Amino acid sequence: MTTGCKSGYGELGSLRLEMMWSHWFAWTVLGLSREKVATYWRRLYVGYSILINLLVTIGYPLHLGLALFRSPTQTENVLNLTIFVTCFTCALKFMIYSYNIGKVSEIERLLVKMDMRVSASGGQIIIYKQLRRNQRMLLYLFMGIYLPVGMFAELGFIFQKQRALLYPAWFPFEVEFWSRMESANINSLIFFRSHWFAWTVLGLSREKVATYWRRLYVGYSIVINLLVTIGYPLHLGLALFRSPTQTENVLNLTIFVTCFTCALKFMIYSYNIGKVSEIERLLVKMDMRVSASGGQIIIYKQLRRNQRMLLYLFMGIYLPVGMFAELGFIFQKQRALLYPAWFPFDWVNSTRNFYIANVYQIVGISYMLLQNYVNDCFPPVNLCLISAHIQMLYIRFEEIGKGRTQNAELELEACMTDHKRLKELFRLVESFISLPMFIQITVTGINICIGIFAVIFYVREPMYWAYFLFYCLALSLEIFPTCYFGTDNEFWFGRLHYAAFSCDWLPQKLSFKKKMLIFTECSLKHSTAIAGGMLRIHVDTFASTMKFAYSLFTIILRMRRSSQSHQND
């Protein structure tokens, strides 16, 4: 049956179930819910509880305390002192609550008896509704406390100039050793590790799986992609515009368009996944030409910072959107799904089916977010790598003829070969990302318009309001890095002929000068990545997309006003 609408779940429920479920969930994760775990899992759960509390409840404050006042700067010493005091106090309070956890069951028993005395009509139900609002405000308050603190601590860590820990602390091994080892290696492929991990989970890494696991992996890939890549957008699409409220209809429309676009891009990338190995082969050859000293290594270190910022950017895009969507789901007054959708069974009147539907939606959206990560992050990562290698080639051109032991003509030929490889790499990446980027740029303008329209006219719940705002921001940030590095590629490719004339070419042989002129003529050709054969992957295109979203919004707004005026007449 079609189950795209909500049902009444009973306004008056047990306080124990309504108000304490989040605490029991937290206590279960923290290892305090031994009595609520099934008997056959109890020993394993006790082992988990002992291990996690030794490592974190005791170990975390300890590893901070052992580094107190040992940092080189006063800022780090004060940061370490505040976080140590906070963590020590938290651990101490937690151990006291753990000792008295048995009293919670007695509290629940008394609350259940009090609930039985509450009448579901008159003044008592008004007080109960006020209680629900107060409990919700308490949750928002504590979220508002913890999220900014954690966010600014993380941002302070991200923007450090040198490699450092999140908090100054003691470890039983040498941290700086790994920093020196990692910075000494020139390896562009390390930036693809997270993408290959994601592709492995998503079922696209058949060639990298051991032979004896390959058939099982292919079966896993087929099943997971049928259930999620195809099934998830389908189960959302079948419930379009069937919800009782406009907020739910708009929410369903935006998430359907996003998931459908994500699945479409993923299938295109899946079809062309073989090109990634060719991209890696060319990058390995370019890495072999990088000198581990001078200006080139400075550019490589800047590349590492840029890649780290890209990773944090996309994490910062997906986490708030997912968090506010989940919170909007949690604080719904009636039993409902995470997103309005169709299921072939009755989830409204069956608790078991309700949990099956919600598990599918939560797991499915997590899988779609992982798809979205590789879809959106892989293009700017590649363009950023190409941009860095162009800049390093620029430096190699400038250094031709300035070394006494260097054969200038051979070095010029090597640089010309590097330029040829970079062009090949650029065209390969362009062919890989062209159609998905065209789809993304087109859909971004439409979805931003829908999101803004929803915020202004339909959405009233605070969590959905925050969700749509972050959703519009996320859509903009998804395409901006790719457009930015596409512009950067065009700029640096266009400057290579200046680098050729910056070398020591005057005292060189005639054959050298002829080769340099040939290279200069070849480098004058513009190199601009094109999405779908029509749109430049450029900052100008990003600006045009935002203008398109605004223009579309004004058109819809005028149509809405016109229809309202006709109705009034």
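The values are calculated or read from the model by the stated rules, or taken from the named source; none is laboratory data. This structure is a prediction, so every number in the text was calculated from the model and none was measured. Please note: Cβ atoms are built from the backbone with ideal geometry, for glycine as well, and neighbour counts cover all protein chains shown. Calculation scope for accessible area: heavy atoms of the full protein, side chains included, ligands and nucleic acids excluded. Shrake-Rupley method; radii C 1.70, N 1.55, O 1.52, S 1.80 Å.
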Open item on the list: Tell me which DSSP H helices of the chain clear both cut-offs, 18 Å or more of axial length from alpha-carbon atoms and a mean Kyte-Doolittle hydropathy of at least -1.0.
Closed with: 74-99, 102-115, 123-158, 246-271, 274-287, 295-330, 351-398, 408-457, 462-493, 510-523, 539-568
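Quick check on the chain: helices-only [θ] at 222 nm, where DSSP H runs of length 4 and up contribute -39,500 (n - 2.57) each and the sum goes over total residues. Nearest 500, please.
Values: 20 runs with 401 residues, N = 569.
Helices in the chain give a 222 nm mean residue ellipticity of -24500 deg cm²/dmol.
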Open item on the list: At 1.4 Å probe radius, can you tell me the per residue accessible area of the chain in Å²?
Closed with: 56
TODO: Sticking to Cα atoms, compute the Rg of the chain to one decimal and its Dmax as the biggest Cα-Cα distance, whole number, in Å.
DONE: 28.9, 102
- [ ] Starting from the coordinates of the alpha-carbon atoms of segment 23-111, obtain the Kirkwood hydrodynamic radius over all distinct pairs and give the value in Å to one decimal.
- [x] 15.0
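In what sequence, highest mean first, do 349-357, 259-267 appear when ranked by Cβ atoms within 10 angstrom?
Working: 349-357: 13.6, 259-267: 21.0.
So the peptides 349-357, 259-267, ranked by packing, come out 259-267, 349-357.
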TODO: May I ask you to compute the full-extension gain from S277 to Y355, defined as 0.36 nm times their residue separation minus their alpha-carbon distance, rounded to one decimal in nm?
DONE: 24.0 nm
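By per-residue mean of other Cβ atoms within 10 Å, what is the highest-first order of 532-542, 28-38?
Details: 532-542: 16.8, 28-38: 14.1.
Packing order, densest peptide first, comes out as 532-542, 28-38.
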Open item on the list: Among Y373, L475, P61, whose Cα projects farthest towards the positive end of the dipole of the chain, with charges put on the beta-carbon of Lys, Arg (+1) and Asp, Glu (-1)?
Closed with: P61
Open item on the list: Net charge within 14 Å of T554 by Cβ-Cβ distance, Lys/Arg positive one each and Asp/Glu negative one each, not counting T554 itself?
Closed with: +4
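If we count every other residue with Cβ under 13 angstrom of V443's Cβ, Lys/Arg +1 and Asp/Glu -1, where does the sum land?
Working: positive: K265; negative: D376, E478.
That sum, taken over residues with Cβ under 13 Å, equals -1.
Leaving out ligands, DNA and RNA, and with a 1.4 Å probe, what % of the accessible surface on the chain is carbon or sulfur?
On the way: 21140 of 31710 Å².
Of the solvent-accessible surface of the chain, carbon and sulfur hold 67 percent.
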Task: For R536, residues with placed amide H under 5 Å, excluding near neighbours - done: A531
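For I456 and I190, calculate 0.36 nm times their separation in residues minus their Cα-Cα distance, and state this gained length in nm to one decimal.
On the way: separation 266, 0.36 × 266 = 95.76 nm, distance 4.37 nm.
Taking 0.36 nm per residue and subtracting the Cα distance, the gain is 91.4 nm.
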Open item on the list: Quick check: net charge around S205, other residues with Cβ under 15 Å of its Cβ, Lys/Arg +1 and Asp/Glu -1?
Closed with: +4
TODO: In debye, nearest 20, what is the charge dipole magnitude of the chain about its Cα centre with +1 on Lys and Arg Cβ and -1 on Asp and Glu Cβ, if you could check?
DONE: 560
Open item on the list: I need the peptides 62-69, 97-104, 363-370 ranked by packing, meaning the mean over residues of other C-beta atoms within 10 angstrom, with the highest value on top.
Closed with: 363-370, 62-69, 97-104
- [ ] Report the one residue of L165, T351, Y232 whose Cα lies farthest in the direction of the positive end of the charge dipole of the chain (charges on C-beta: Lys and Arg +1, Asp and Glu -1; origin at the Cα centre).
- [x] T351
Task: Inverse of mean 1/r across different Cα pairs in segment 396-538, Kirkwood, Å - done: 18.4
Task: Cα centroid separation, segment 201-249 to segment 57-83 (Å) - done: 45
